[in-house]
Every structure is written in structure tokens, then in C-alpha cells.
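Nothing in this text is a laboratory measurement; each read-out follows from the coordinates by a stated rule. Predicted model, so just to flag it, every value in this text is computed and none were measured. Here the Cβ positions follow ideal geometry from the backbone for every residue, glycine too, while neighbour counts run over all protein chains shown.
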Amino acid sequence: MRTKVTKAIFPVAGLGTRFLPATKSVPKEIMTLVDRPLIQYAIDEARAAGIKEFIFVTSRGKSALEDYFDHNPVIENELKRKNKTKLLEVLKETDMDSGAIAYIRQHKALGLGHAVWCARRLIANEPFAVILPDDVIAADKPCLQQMVEAYQETGGNMVAAMEVSPEKASSYGVLDVKDDMGSLVSVQGMVEKPEPGTAPSNLAVIGRYILTPQILRNINGLDKGAGGELQLTDAIAQEIPKNNVYGYRFRGQRFDCGSKAGFLQATVSFGLARDDLKDDLQAYLHEIMSVEKAAQ
Ligand code: UTP
């Protein structure tokens, strides 16, 4: 029986410069898709996968995140007084069991690998998940749950993987595939942000991982990688000779909510998926598309 994955790290210490000026005072992870912040989607996905301990790696200016998972007696009392039971129910999504959530500071934005390493003492010697909240994945079965199920068979280290076009590959970590078994691929190499035309495949790593604690020890010995940062990809790549690194082609649609275009696409898509918004939004989209076509 494998050790269950019950801990997840949420690295949220990045500066979010692509969303300036908004991110000057609002953490990127608090920005909302329809009416829920990005972090809520990440937490829901983790819960569905059986995660019980939620470790946030934060930085200066992220206190709104801590407040989000705290009780707000003013709002709660007001809703109770007005008997707004539905809204009280909605607020429950933000409830966290006492002691289930921990915040660790990353004092300098030294990269994703470093952010994950900052949580090492809370992980100790267990397998753990990493979720990047700006990768939002719409799926019938949540992505991390799919991965946890596959991990029960494989163990080792697993990264979520997605096909990307050759021109986009240089923005991602890319897998060099050894055996392609369908949903699962075994990996013989990984390259972070390959130079255009040099990517070993079109399978890109996106922000969901299940990792062994050895990865934390590997990060300890890393030199700075691409972009002068400590790259998580480099620490995972060190495990490849042990034949225990897998890519998992998840079923679902991923939105890059760390970019403006991805965030807008996700907003439209999640809006269209909502019964209370679909009709109005669809009508509006038709209207602007037909005006656009008429103008051409
Ligand atoms: P990004 O590469 O999207 O960087 O980080 P960023 O700072 O969030 O955004 P931009 O590029 O300036 O707009 C990917 C994930 O890794 C976390 C981020 O919070 C995000 O969840 N991260 C990145 C850290 O926690 N610490 C770091 O030093 C770097």
C-alpha cells in the first residue's frame, strides 16, 4: 500500500508582474473567475484529491489570502441576521479545519523550486502534491484526483502534462518521452524553457505535481537554472535515472490564468458554464461577434 498523498503545497509567493498594476495590492490568487478567487478553485481541486493539509508559500503583500480562509464575523452575522442561508452556505467553501492550513514565507522570489523547498519542514518525509493556482483546470474529474489515482499504480514523481504547439514549447518545461502508455508517459529527460526548435516533444509540464520528498533534498543542492531561478524541473530531472518520473496527460481544459489572455478565456468559459449567467453572456458574445463580422 502506498503512502497516501495528504499534503499539498501552494506556491503563491510570485510577484504576478504580468497583472500590474492590479497585483501591486491584490495577490494574483485572489483575482476572481466569475465570483470565486483563483485560490478557491485550487483548494477545491486539492480537497477532491484527498488533500488534508494545505501549505501556502507566501510573500509580502499576500495577507488577503490569509484573510480569505479566515472567518469574517461581520459578514457572517449580517447574513445570519437577514436569514441569507444560501450565501452562508457559499461562505462555507472557505472554511478550513483548525490547523489544516499553514503559511510559510518565501523571503525572496528565487523561483518555484525555492518556493517549494521553503515548505520542506512541513512535508518531512512524505510524498506531496504541488498546485500552482494560476493554472486553472476545468475537468469532470479534477486533475489532481486523476493524478492521485494514477499515482496509486506508479508511485514516484508525476507531473501533469499537456500537448502544446511547437512555437509555445519554449514557454514551458518540456518532457523527453521514453515510453508513451496513453494517459501515462515515462520520462527520460526534461528541459525547462527550451530554445525554439529544440524541444524534445510537444508535451509540456503544467502546474500540478506529485513528488517524493527526495525532490526537496535535490533542490537543496541545485544551482540556479533558467532565468537565474531555482527550477523545480531541474530537481525532478535528477530523479530520471531512477526511472521514477512520469508525465500524466490529464483529461480537462487548462487555462493559464497567470496571463491576461488565459485569464479572460477562463472568465468567459467559466461564465458560460454557469446556469445563472450563460444566457446573458452567450447573447452578449453573439452580439459583439456579429457586430465585428458586419464591420469586416
Ligand atoms: P510565475 O512564473 O507565474 O511568476 O510563477 P509570477 O511571479 O507568479 O508571475 P509573473 O510572471 O511575474 O506575472 C508560477 C507560480 O510559482 C509561484 C507563483 O506564485 C506562481 O504560483 N512562485 C514563483 C513562487 O511562489 N515563488 C517564486 O519565487 C516564483
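Report the antiparallel proportion of the DSSP beta bridges in the chain as a percent, rounded to a multiple of 5.
Within the chain, antiparallel bridges account for around 60 percent of the total.
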Members of 7/141; 168/293; 7/260; 28/260 lying beyond 23 Å, as alpha-carbon distances in this model show: 168/293; 7/260
In Å, descending, principal axis extents of the Cα set of the chain: 60, 56, 38
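Taking the Cα centre as origin and putting +1 on Lys and Arg beta-carbons and -1 on Asp and Glu beta-carbons, what dipole magnitude results for the chain, to the nearest 20 debye?
Details: 36 positive and 38 negative charges, 143 e Å.
The dipole of the chain has a size of about 680 debye.
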Cα-projected label distance for residue 122 with residue 44, points at 7 Å along beta-carbon direction, nm: 2.2
FRET E, pair residue 275, residue 220, Förster distance 45 Å, beta-carbon r, rounded to 0.05: 0.35
Mean projected area in nm² (Cα convex hull; one quarter of hull surface) for region 1-136: 9.6
Residue-averaged [θ]222 nm for the chain, counting only DSSP H segments that reach four residues, each worth -39500 (n - 2.57): -9500 deg cm²/dmol
Karplus-derived HN-Hα couplings along region 54-71 (A = 6.51, B = -1.76, C = 1.60, θ = phi - 60°), whole Hz, x at Gly and Pro: 10, 10, 9, 9, 10, 8, 3, x, 10, 5, 4, 5, 5, 5, 4, 9, 9, 6
Near-label residues of region 16-51 by backbone N, under 18 Å of a point 7 Å along Cα→Cβ of residue 60: 16-18, 20-28
Given charges at Cβ of Lys, Arg, Asp, Glu: the chain dipole, positive-most of 21, 181, 71: 71
Contour excess over end-to-end distance, with Cα ends at residue 75 and residue 291 and 0.36 nm allotted per residue: 73.5 nm
23 Å Cα-Cα reach of residue 82 towards lysines, excluding residues that sit fewer than 8 places from it in its own chain: 92
Long-range amide H partners of residue 250 with built H, under 5 Å: 161
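Using Cβ counts within 10 Å as a stand-in for footprinting exposure, how do 158, 31, 96 rank, fewest first? Spell out each step's value before the answer.
Numbers: 158 27, 31 19, 96 13.
Ordered from fewest to most neighbouring Cβ atoms within 10 Å, 158, 31, 96 come out as 96, 31, 158.
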Mean Cα-pair separation over length for region 79-197, i.e. relative contact order, pairs under 8 Å, 6 or more apart, %: 13
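For region 180-296, just say rounded, prolate or oblate: build the C-alpha gyration tensor, square-root its eigenvalues into a ≥ b ≥ c, call rounded for a/c under 1.5, and beyond that prolate if a/b exceeds b/c, oblate if not. Intermediate results must be reported in sequence, preceding the final value.
On the way: a/c = 2.66, a/b = 2.36, b/c = 1.12.
Prolate is the answer for region 180-296, as a/c is 1.5 or above and a/b outweighs b/c.
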Distant-in-sequence amide H partners of residue 229 (H built 1.01 Å from N, under 5 Å): none
Residues with amide H under 5 Å from that of residue 178, placed H, sequence gap 5 or more: 186, 187, 188
Chain lengthening between residue 165 and residue 36 when straightened (0.36 nm per residue, less Cα-Cα): 43.4 nm
In order through region 281-289: 3J(HN,Hα) via Karplus (6.51 cos²θ - 1.76 cosθ + 1.60), integer Hz, x for Gly, Pro: 5, 4, 4, 5, 5, 4, 4, 6, 5
From phi via Karplus (6.51, -1.76, 1.60), per-residue ³J(HN,Hα) for region 244-256 in Hz, x at Gly/Pro: 10, 10, 10, x, 10, 7, 6, 9, x, 10, 9, 10, 8
